[in-house]
Amino acid sequence: MAYEILIDRKAKKVLATLDQETARRIHGVLAVLSIDPRPPGVRKVANSPYYRARVGVFRIIFEIVDSKLI
C-alpha cells in the first residue's frame with residue numbers, strides 16, 4: 001500500500017536547481033514518505049493539516065490524504 005507523491009510545480013523548479021546530492025537526499029525522503037507518510041522525525045505543523053520533514057536546511061511540507069493514498 002504505497003502513497004502517491006504529488007509535487008507542486010514550484011517545488012519541482014526548486015528541486016531542479018539543487019545540487020545532485022541534496023536532490024538525491026530529498027528524493028530518498030520522498031520515497032520513504034510514499035511507503036510510510038508518518039515516519040519518525042516527521043512533525044505535524046501546529047494548527048494546520050500539514051506535516052514537515054527536514055532534509056538538511058530544507059523542509060518538505062506535505063499533506064496526507066489517507067482516504068486517497070496521496
Name, by its number, the condition in (1) at pLDDT 95 or above; (2) surrounded by 11 or more Cβ atoms within 10 Å (Cβ to Cβ); (3) assigned to a loop (DSSP other than H, G, I, E, B) that does not hold for ILE70. (1)
Number of the exception - SER34 against (1) in a helix (DSSP H, G or I); (2) polar (S, T, N, Q); (3) more than 10 Å from the chain's Cα centre (by Cα): (3)
Of the residues in the range 1-23 that are among the aliphatic types (A, V, I, L, M) and open to solvent by 100 Å² or more (accessible area, probe 1.4 Å), the one that is farthest from VAL55 (Cα to Cα) is MET1
Flag for ILE26 being in a helix (DSSP H, G or I), surrounded by 11 or more Cβ atoms within 10 Å (Cβ to Cβ) and at pLDDT 95 or above: yes
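The values are calculated or read from the model by the stated rules, or taken from the named source; none is laboratory data. Bear in mind that the values here come from a model prediction, so they are computed numbers and not experimental data. For neighbour counting, all protein chains shown are included, and Cβ atoms are generated from backbone atoms with ideal geometry for every residue, glycine included. Ligands, DNA and RNA are stripped out before the accessible areas are found, and what is left, the full protein with its side chains, is counted by its heavy atoms. Shrake-Rupley method; radii C 1.70, N 1.55, O 1.52, S 1.80 Å.
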